[in-house]
Amino acid sequence: MDLCIIGSGYVGLVSGACFAEVGHRVICVDNDIKKVKSLQAGHIPIYEPGLEDLVHRNVAAKRLRFTDSIEDGVDNSQVIFIAVPTPPQPDGSVDLSYIEKVAREIAGVLKPDAYRVVVDKSTVPVKTGEKVTDTIKRYNKGAAFDVVSNPEFLREGCAVDDLMKPDRIVIGSNSDQATALMKKVYEPFMAPVLVTDINSAELIKHAANSFLALKISYINAVSAICDASGADVEMVATGIGTDKRIGRNFLNAGLGYGGSCFPKDIAAFIHIADELGVPFTLLKEVQRINADQRTRFLNRVRKALWVLRDKRIAVWGLTFKPDTDDIRSSVAIDIVNDFIKEGAVVTAYDPKGMERARELKLIEGAKLVDSAMEAVEGAELLVLATEWPEFANADLAEVKSKMHTPMVFDGRNLFDPKTMTEMGFTYHSIGRPS
Ligand code: UDX
């Protein structure tokens, strides 16, 4: 099939490459001409395992191309996916202006005799599909089109895998013609397809992410009780997670969730629920527990070091989770800034996040170094903020020899408490006995 994806960010670019990989002809449209030129030159703007090969292979096979022209994309595609950003606003609501602008632009180039399916792939509040439909109709009275909601569930760091082998495909559609075309798009992926109305599909995305965040906050709240009582949160998580109805995934206690999706989507879900007159107060508690997890961690560091001013603290990990270069809404970045605010001397290292950290200038007070070992040189405390495999495999004896005092605060429960203590570290983690 001929497909067009508007917006070449995480979701748009990975989706485009994966659609091409299964045999569709894909046009990726972006209004950032610099980005389009760089993609045309073979440069991939984000780090995502497997993506670079996928893009190069499909460009070479002439199944994938990049343009800044919406008209080119819409004219030459049966199905048009919208994958533009939906950033948060200070009150928690979603800024839908990019979606609205793209809807107007699509309306401007739709032809009356060429039926098109316009698919919303960006994460949006319930009832956005209705607004996209109204907007296109208002700006193009004769257009033949249907709007579909097709939320994306990919995780950064394993986006290609998630897209190629999805658990399910959700198609929110109020038109049989559009549903049939969407089923054809996804046929090669051989995944279960759930067809719903548009509003339900939009809700599924917010409800899924909120539920996962709730699981994380739940186990983090349990971790606080473990810390207070001497129990072990990992054993509790395994004990409850082996119940199939609960499941062990997303029960890893730590510094809390971050990233470009969970914080934004939970805030947006709370906001739209308020707007609809059915406040979702449970999710406010999820947010509170998440924030509290970082505060409790900081308090424990303060207790251990007494005064943070002038203390040399090494931080391992800046990205919001491993296997990504994304540092947006990263708890690791927040922790570094907390330390800097209190006058600590912070040296930080991340396997993939350094470039973004320099570029986005989110932690200007910290010294960024080129290796994990350089970071711990002379440090009075090592804080593990992101659980990269590189850190799990680090030579801990060397770490200990390089540190001024061998104290470790493990914010992601990466290391084994017994090993760390036996090696002579003063070791603290989350919800596990020291
Ligand atoms: C998430 C959803 O998983 C995905 O389906 C959706 O499309 C986008 O949002 P992502 O933001 O890439 O994906 O990351 P995810 O792996 O879900 O992790 C989110 C955050 O939760 C990270 O900060 C991670 O460290 C944290 N987390 C995750 C925990 O603290 N504990 C866990 O057990 C799992």
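The values are calculated or read from the model by the stated rules, or taken from the named source; none is laboratory data. Keep in mind that this is a model prediction, so the values were computed, not measured. Using ideal geometry, Cβ is built from the backbone for each residue, glycine included, and neighbour counts are taken over all protein chains shown. Heavy atoms of the whole protein, side chains included, go into the accessibility calculation; ligands, DNA and RNA do not. Shrake-Rupley method; radii C 1.70, N 1.55, O 1.52, S 1.80 Å.
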Only helical DSSP H runs with n ≥ 4 go in: add -39500 (n - 2.57) per run for the chain, normalise by residue count and round the 222 nm mean residue ellipticity to 500 deg cm²/dmol. -14000 deg cm²/dmol
Entries in LYS37/LYS121; LYS62/LYS165; LYS101/LYS137; LYS101/LYS121; LYS62/LYS184 that, when Cα-Cα distance is taken, lie over 18 Å: LYS37/LYS121; LYS62/LYS165; LYS62/LYS184
Run down the lysines and flag those whose C-alpha is under 27 Å from the C-alpha of LYS311, throwing out any fewer than 8 positions away in its chain. LYS303, LYS321, LYS341, LYS352, LYS361, LYS367, LYS400, LYS402, LYS418
What FRET efficiency comes out for SER38 versus ALA228 if R0 is 45 angstrom and r is the Cβ-Cβ distance? Round to the nearest 0.05. 0.30
Given R₀ = 22 Å, FRET efficiency for ARG138-ASP113 by Cβ-Cβ distance, to 0.05? 0.65
Over every pair of different alpha-carbon atoms in region 194-278, take the mean of 1/r and invert it; report that Kirkwood radius in Å. 14.5
Extension gain (nm, one decimal) between GLN78 and HIS404, 0.36 nm per residue minus Cα-Cα: 111.1 nm
Lys and Arg at +1, Asp and Glu at -1: neighbours of LYS341 with Cβ under 11 Å from its Cβ sum to -2
Using only Cα atoms, tell me the angle between helix 128-139 and the longest principal axis of the chain; keep it within 0 to 90° and round to the nearest 10. 40
Checking rank on 239-248, 417-426, with mean other Cβ inside 10 Å and highest first, the result is 417-426, 239-248
Working from the alpha-carbon coordinates of region 258-352, get Rg over Rh, Rh being the Kirkwood radius. 1.08
Which of LEU384, LEU276, LEU251 moves the most in a Gaussian network model of the chain with Cα springs under 10 Å? LEU276
Could you please tell me the mean projected area of the C-alpha convex hull for the chain, averaged over all directions and given in square nanometres to one decimal? 21.5
Determine how large the accessible area of HIS56 is when every protein chain is in place; take a 1.4 Å probe and give Å² rounded to the nearest 10. 80
In this structure, among LYS205/LYS264; LYS215/LYS244; LYS127/LYS205; LYS34/LYS111; LYS111/LYS141, pairs with alpha-carbon gaps over 19 Å are LYS34/LYS111
